[in-house]
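Asks: This is the structure, below, for whatever I ask next.
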Amino acid sequence: FVTAPASTATTLTFLAFGDSGTGSAEQFAVADQMAQDDADFVLHLGDILYPDGGAGNIVPEYNRLFFEPYRNMLDTRCMFPAPGNHDRHDFFKPYRETFITPNNGLPLIGELYYSFEWANAKFIMLDSTYLFRYPLGPQMTWLMRELTTNTKKWLIVYLHHPLYSGGSHGDDATMIAGMGPIFEHNGVDLVLSGHEHNYERTVPMKQFNQDPAYPGLTYLVSGGGGTNIRTFTGSPNTAVGVSAHHYVKITIQGDTLVGNA
């Protein structure tokens, strides 16, 4: 187990996945494959425990559906989680009692959004179950400060619910209106989500930033960590979509980011 590299490092590799905690054979298969893969750390994109985040039996449920499947991976690397809608029991109490995350110092919500830096990238985790619905609330005020003070080459946001989706839930108009302009106008390079039980990568989105020099923002959904897979229909924004259990491996080398599912 090793700590993060020096802040001047320019290479890193991480894994990302969501929608996992059912105890299924597919969850264990994905977990075993991730444990064999080489990565610095892992992002969990939410819905860590089904059906209700370990309600009533926090310790045995997290042992059975999280620590046991990922024991080999957790032995050697950090996992940075995001809370999903299935983790929301008692305002995410099981989630908050299980994970030690950077705390913003606010009662109840202080552990529900945070950021960290690794090599030449900054990662911002947001709660998309409750707090994003309050555009003038503390999470959004914090988000703007995190974005405008960023000094890293790469800026990656992750949260449970996708803004754009060709899956069964479709686009989230509230999130697009509340977060889309902020992401596009403040240099976010990649947004990772779960929630939809499939893999999807969008075309570069330029809905709010019409600057000809702006390359667009890629949204990626990885919700194939172990729960049931759903039929994928696609949308005009879909570049690639697949109904399959999977995880994502992303490697950054200097000015290049490469993702593989």
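Here, each number is a calculation from the coordinates, and none is a lab measurement. Computed from a predicted structure; not experimentally measured. Here the Cβ is made from the backbone with ideal geometry for all residues, glycine too, and neighbour counts use every protein chain on show.
Asks: Would you work out the relative contact order for the chain, in percent, from Cα pairs under 8 angstrom that are 6 or more residues apart?
Replies: Working: 606 pairs, mean separation 59.6, N = 261.
Across the chain, relative contact order equals 23 percent.
Asks: Take the range 1-126, compute every pairwise Cα distance, and split them into 10 Å bins from 0; I just need the percent in each bin.
Replies: The distribution over the range 1-126 is 12, 43, 35, 10, 0, given as percents.
Asks: Please compute the Kirkwood hydrodynamic radius of the range 145-200 from all pairs of different C-alpha atoms, in Å with one decimal.
Replies: Working: mean 1/r = 0.0820 Å⁻¹.
Computed over the range 145-200, the radius equals 12.2 Å.
Asks: Let me ask something else. Once you have a ≥ b ≥ c as the square roots of the Cα gyration tensor eigenvalues for the chain, tell me rounded if a/c is under 1.5, and otherwise prolate or oblate according to whether a/b is larger than b/c.
Replies: Details: a/c = 1.26, a/b = 1.24, b/c = 1.01.
Rounded, since a/c falls under 1.5.
Asks: Something else about it: Modelled label-to-label distance, Ala173 and Ala9, 7 Å Cα→beta-carbon offset: nm?
Replies: Simple spin-label model gives 4.5 nm for this pair.
Asks: Quick check: from the Cα gyration tensor, does the range 133-261 come out rounded (a/c under 1.5), prolate or oblate?
Replies: Working: a/c = 1.63, a/b = 1.35, b/c = 1.21.
Since a/c reaches 1.5 and a/b is larger than b/c, the shape of the range 133-261 is classed as prolate.
Asks: Running Debye on the range 125-173 with equal point scatterers at the Cα sites and no solvent, what base-10 log of I(q)/I(0) appears at q = 0.17, 0.33 Å⁻¹?
Replies: -0.62, -1.23
Asks: Which whole-Hz ³J(HN,Hα) couplings does the range 160-177 yield from phi under the Karplus relation 6.51 cos²θ - 1.76 cosθ + 1.60, θ = phi - 60°, glycine and proline marked x?
Replies: Once rounded to whole Hz, the list reads 6, 8, x, 6, 10, 7, x, x, 5, 7, x, 5, 10, 4, 5, 5, 4, 5.
Asks: Let me ask you something else. Set the bar at 23 Å for Cα to Cα. Now go through Lys93/Lys152; Lys152/Lys249; Lys122/Lys249 and name every pair that lies beyond it.
Replies: On the way: Lys93/Lys152 32 Å; Lys152/Lys249 20 Å; Lys122/Lys249 17 Å.
Among Lys93/Lys152; Lys152/Lys249; Lys122/Lys249, the Cα-Cα distance tops 23 Å for Lys93/Lys152.
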